[in-house]
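The structure under discussion appears below in the form of structure tokens.
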Amino acid sequence: MPRLIFLGAPGAGKGTQAKTLADLCGIPHVSTGDILRLAVANQTALGVQAKAYMDRGDLVPDQLVVDLIRERLHEADAQAGWILDGFPRNVPQAEFLDELLHTINQPYDRVVNLDVPDDILVHRMLGRGRADDTEEVIRNRLKVYREKTAPLIDFYKNSDRLIHVNGDQSMEEVTHTLKQLL
Ligand code: AMP
């Protein structure tokens with residue numbers, strides 16, 4: 001079963017595609033955004049710490065997400081494969097992940113980058129109606145993506161496991177492309 005890392009700007013469709021593929025493969029879809037939103041809704045210690053960052057569209061501190069990924073990948077259902085969605089989000093997180101996967105002896109198979117033009121990203125995010133999808137927050141999330149997350153494409157470029165997928169197609173077309181590639 002595959003171990004995949006999904007990259008892409010906010011609004012690129014990572015979440016939808018990661019969930020669809022994970023369901024098809026019968027492996028967990030590990031979304032740090034989903035885990036954090038649940039923590040915020042349940043007002044756990046993690047949620048209380050993360051909320052203000054998420055409301056602004058900033059990344060939450062690395063330590064919070066690094067701890068939750070370590071715990072999540074140690075769970076029984078994650079031993080046969082997983083799809084990571086929203087993690088890593090910056091170079092220090094990617095370095096942490098390399099080390100963690102080495103330690104638990106679970107190398108990733110592929111890094112999938114979903115490419116979508118900026119104007120389409122904004123349009124899609126405004127259409128989602130999520131609490132952190134106001135125009136100002138969206139602009140900040142795109143800025144954070146460009147500054148912190150986009151450099152991961154270079155980080156993974158040297159491995160022959162990075163693949164680019166055109167995310168500017170219908171949901172079904174992207175899923176079809178992904179199924180063929182993986
Ligand atoms: P997402 O659903 O992946 O767009 O994530 C929603 C929000 O959760 C982001 O805007 C960040 O505030 C936070 N978040 C999710 N994943 C991470 C991560 N790996 N590192 C830091 N913050 C994250």
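The order of ASP58, ASP85, ASP160 by accessible area, most exposed first and with a 1.4 Å probe, is ASP160, ASP58, ASP85. Determine the distance separating the Cα centre of the range 134-182 from the Cα centre of the range 1-68; give it in Å without decimals. First find each Cα centre; the distance between them is then 15 Å. Shape verdict for the chain, please, from the Cα gyration tensor: rounded (a/c under 1.5), prolate (a/b greater than b/c) or oblate. Judged from the Cα gyration tensor, the chain comes out rounded (a/c under 1.5).
Taking the charge dipole of the chain about its Cα centre, with +1 at Lys and Arg Cβ atoms and -1 at Asp and Glu Cβ atoms, the residue from VAL91, PRO117, LEU182 reaching farthest to the positive side is PRO117.
From the square roots a ≥ b ≥ c of the eigenvalues of the alpha-carbon gyration tensor of the range 96-182, which class results: rounded (a/c under 1.5), prolate (a/b over b/c), or oblate?
Details: a/c = 2.20, a/b = 1.42, b/c = 1.55.
In terms of gyration-tensor shape, oblate.
Counting only C-alpha contacts under 8 Å and six or more residues apart, can you give the relative contact order of the chain as a whole percent? Taking the mean separation of contacting Cα pairs over the length of the chain, I get 35 percent. Charges only on Cβ, +1 for Lys and Arg, -1 for Asp and Glu: so what's the dipole of the chain about the Cα centre, in debye to the nearest 20? About 120 debye.
Solvent-accessible surface (1.4 Å probe) assigned to HIS74 amounts to roughly 110 Å².
Holding the Cα-Cα limit at 27 Å, pick out from LYS14/LYS51; LYS14/LYS157; LYS51/LYS157; LYS19/LYS143 the pairs that are longer than that. Don't skip to the answer; put the middle values down first.
On the way: LYS14/LYS51 22 Å; LYS14/LYS157 19 Å; LYS51/LYS157 33 Å; LYS19/LYS143 25 Å.
In this structure, LYS51/LYS157 lie more than 27 Å apart at Cα.
Checking every one of the trypsin sites (Lys or Arg not before Pro) in the range 87-182 against DSSP loop status and a limit of 15 other Cβ atoms within 10 Å picks out ARG130, ARG161. Once the convex hull of all Cα atoms in the range 38-122 is built, its volume per residue stands at 131 Å³. With θ taken as phi - 60° and the Karplus curve 6.51 cos²θ - 1.76 cosθ + 1.60 applied, the whole-hertz 3J(HN,Hα) list for the range 73-82 is 6, 8, 5, 4, 5, 8, 6, 9, x, 6 Hz, x standing for glycine and proline.
The values are calculated or read from the model by the stated rules, or taken from the named source; none is laboratory data. Only a predicted model underlies this, so the values are computations on that prediction, with no experimental measurement involved. Cβ: placed from backbone, ideal geometry, glycine included. Neighbour counts: every protein chain shown. What goes into the accessible areas is simple: the full protein's heavy atoms, side chains included, and nothing from ligands, DNA or RNA. Shrake-Rupley method; radii C 1.70, N 1.55, O 1.52, S 1.80 Å.
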